[in-house]
Amino acid sequence: MISELKKVEFYKCKDLLYEHGQLEAKAIIAGVNPGRVFVDDIDSPTSGLIWLGNNDGFIFIGDEKNEGFNTELNNFIDKIIIPEAIEVGLAWFEGIGNHRKWNTTIKKIFKSRKLGSWNQRVYTLQKDNYKCNYELAIEQEYKVMKICKTLFENNDYKNIEFLHSKILEYWSSPDRFFSSGIGYCTVYKDEIVSVCFSGFVVENVHCIDIETLEGHQGKKLAQITALSFVKECLNNNIIPYWDCMESNKPSIAVAENIGFKNVFNYIGYEFPLK
């Protein structure tokens, strides 16, 4: 029977994580970022499913050949996951394996569903690879600012809720973000138009989340904001970690122009919830 672990029990899954797998899984199991964990055995789990706290997908961990867990998955997803996912506005189940052996299992388990897939690329940046001569001019009306408590609480920005919602997608509270993460934003007049911040954190590795509002795209604001983030990381011995879809060519270009190196790739799978 698949059961949900309490947060204080997440440590039981630490040995199920693949050392070279996704940072997001490590951050949730370590209790840094919010998320939910479902396992085959609450006392001694061998396989599990992590639901990312920002509702951005699911990660399969542990033994991919655990027949007891695998045979229950479809029913568990139909009865437990799908109703809750629909309630929070999700239209798709997006799942990935914490290691490559899960790929075959995922395709087998969900063969009766309308299963699609996509490719994902993970980059990290080491200090020696940083292209410090890569600089971009910013238009005069724009200003890059560090995301601090004062800025976060400044209601003079007419869209401050944009920043609030982005941070709280990944963090249980603003204080948790400020104690564990860093971030920068670009401001235009009285509006926050681009953000780059630590989405998930494990020790000194920070997974980047970045977004620019549609009306301000095409001005290289993502690159400019990311550069400020990267500089602070490298000055403080923090490793920036960039996870993006292979089809997102602009995002990959930003990463590679700064000096990020592709460290591993993985496949994501999806099927509609209705």
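Listing for the model above:
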quantity: When residues of region 129-174 are limited to those that are closer than 17 Å to residue 233 by Cβ, part of a loop (DSSP other than H, G, I, E, B) and touching a residue at least 40 places away in the same chain (Cβ under 8 Å), the one least open to solvent (accessible area, probe 1.4 Å); calculated: 147
quantity: Scan of region 196-226 for residues that are closer than 18 Å to residue 138 by Cβ, open to solvent by 10 Å² or more (accessible area, probe 1.4 Å) and outside any strand (DSSP E or B), ordered by number; calculated: 213, 215, 216, 217, 218, 219, 220, 222, 223, 224
quantity: Residue count, region 11-44 (criterion: over 18 Å from the mean Cα position of the chain (by Cα) and closer than 17 Å to residue 69 by Cβ); calculated: 11
quantity: Residue that is farthest from the chain's Cα centre (by Cα), among those in region 233-248 that are surrounded by fewer than 16 Cβ atoms within 10 Å (Cβ to Cβ) and within 26 Å of residue 139 (Cα to Cα); calculated: 235
quantity: Residues of region 8-34 that turn out to be of a type outside the set (Ser, Thr, Tyr), touching a residue at least 12 places away in the same chain (Cβ under 8 Å) and exposed (fewer than 14 other Cβ atoms within 10 Å of the Cβ), as a count; calculated: 3
quantity: Test for residue 80: is it open to solvent by less than 60 Å² (accessible area, probe 1.4 Å) and either outside any loop (DSSP other than H, G, I, E, B) or in contact (Cβ under 8 Å) with a residue 60 or more places away in the chain (or both); calculated: no
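The values are calculated or read from the model by the stated rules, or taken from the named source; none is laboratory data. Bear in mind that the values here come from a model prediction, so they are computed numbers and not experimental data. Every residue, glycine among them, receives a Cβ derived from its backbone with ideal geometry; neighbour counts consider all protein chains shown. For the accessible areas, the whole protein counts, side chains as well, though only heavy atoms, and no ligand, DNA or RNA atoms are used. Shrake-Rupley method; radii C 1.70, N 1.55, O 1.52, S 1.80 Å.
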